[in-house]
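Heads up, the thing below is written out as structure tokens.
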Amino acid sequence: MGHFKHFQKEYLVVSGIFIGIAFVFFVFDRSSSPLYVASDQEAALSLIKEEKIQHISPPESVKAIYMTSWVAGTGYWREDLAGFIDSTELNAVVIDVKDYTGRISFEVDDSYINELGSVERRIPDIKNFIKELHDKNIYVIARISVFQDPYFVKIHPELAVKKKDGSVWKDYKGIPWIDPAAEDFWAYIVRVARASEKAGFDELNFDYIRFPSDGNMKNIAYDYWDETTPPAEVMSGFFAYLRRELGDAGVPLSADLFGMTTVNYDDLNIGQILENAALYFDYIAPMVYPSHYPTGFAGFKNPAVHPYQIVNQAMTVASERLIAASSTPSKLRPWLQDFDLGADYDAVMIRKQMQAVYDSGLTSWMVWDASNKYTRGAYQGE
């Protein structure tokens, strides 16, 4: 595995807080007369220490797998996956910071998040774990699931997507959503993102950045979205907000999009348009899982059994669109599947997806398996 360039971001951490006590620092000459009296501000600054946070810059070709927060907090399992990454072509890992439950997977130094009670300490030693990954030159990406958030809805139901009777709406999985136009929640996501960067993550990846779609859409209502402004405009506003608020974070921002955004020019009724996202994110990750395409897509009765054709078409069209939009295909980093759905995905099926990416002119990909039990034979050795 190649060695990637390291860079640092320095933070100032106050080493002590003193209330109601004035500290004066004196410098004496040999006659014991004070030559200089330091101000309170100067005294405080003298008590500040630096903490250096190390980041790895993104590999030229990212090849990543996904790791749940629970696995990241389980020693033997995470060590096995880290060793797997280190011994193959893989060079990156995507770890849940905030998943579909809305819980934050490690302790953070943020008063609002802590008062909210969002933290569920699944990864007790996140900084140490990230350092171990960095020592292996593994690029570490923080996955933040955004508008799908049952925990926040429980605390602030007024921000939730509603039913027409005013009660909380849920999708077919029973998961409630935050109203995408609720800007107070946007600020919370920025806090989560900053806490992730401070923990040492090298990239901030945002998932579920869309309007809900898989539920009873006939009985859905919004308190914050006016239901007139196009959803794509709302989501573009959110994308712009993330760029504005996190532009100084010193790490790349990336977005997960529906796979169909590569070939559809409308917003799919969820607010996602490829070109809009490309304006604000450093990397775009379309979820081009062949199993998730509808019957008849590209003329295939079952797209899942045609992984090469589905992925190649999706990424070829996406590349052409970004070029036409004066952007660059190098932003594209698709999610591929290593799970069985619609077909048995063995090593051959997985490699076909990777080859489809390469043949579309791209070099980066990420692979998803919710169970974290990857098909080891699908990944080439160093």
Open item on the list: If I fit a long axis through the Cα atoms of helix 75-86 and take the longest principal axis of the Cα atoms of the chain, what angle between them do I get, 0 to 90°, rounded to 10?
Closed with: 70
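Rounded to the nearest 5, what % of the DSSP beta bridges within the chain are antiparallel ones?
Values: 20 of 52 bridges.
If we restrict to bridges inside the chain, about 40 percent are antiparallel.
Rounded to the nearest 20 Debye, what is the dipole magnitude of the chain about its Cα centre when Lys and Arg each give +1 and Asp and Glu each give -1 at the C-beta?
Values: 36 positive and 52 negative charges, 98 e Å.
Rounded to the nearest 20 debye, it is 480 debye.
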TODO: Could you check which residue among 146, 317, 94 shows the biggest mean-square fluctuation in a GNM of the chain with a 10 Å Cα cutoff?
DONE: 317
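May I ask what percent, to the nearest 5, of DSSP beta bridges between residues of the range 142-254 are antiparallel? Spell out each step's value before the answer.
Values: 6 of 12 bridges.
Within the range 142-254, antiparallel bridges account for around 50 percent of the total.
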Task: Exposure proxy ranking, count of Cβ atoms within 10 Å, fewest first, for 260, 235 - done: 260, 235
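Output the peptides 66-77, 275-286 sorted from most to least packed, where packing is the average of other Cβ atoms within 10 Å over each peptide's residues. Don't skip to the answer; put the middle values down first.
Working: 66-77: 18.2, 275-286: 21.2.
Put in order of decreasing packing, that is 275-286, 66-77.
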Open item on the list: Once you place label points 7 Å from the Cα toward the Cβ at residue 119 and residue 240, how far apart are they in nm?
Closed with: 3.5
- [ ] Any chance you could give the angle, 0 to 90 degrees and rounded to 10, that helix 126-135 forms with the longest Cα principal axis of the chain?
- [x] 70
- [ ] For the range 137-224, just the Cα set please: Rg and Dmax, both in angstrom.
- [x] 14.5, 52
Task: Among 273, 138, 323, residue whose mean-square fluctuation peaks in a GNM of the chain (springs only between Cα atoms under 10 Å) - done: 323
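Starting with the fewest neighbours, write out 288, 97, 153 ranked by other beta-carbon atoms found within 10 Å of each beta-carbon.
Details: 288 31, 97 27, 153 23.
Ranked by crowding around the Cβ, least crowded first: 153, 97, 288.
Read-outs: derived from the displayed coordinates by stated rules, not from any lab. All figures in this text were calculated on a predicted structure; none of them were measured in a lab. Cβ sites come from the backbone with ideal geometry, for glycine too, and all protein chains shown count toward neighbours.
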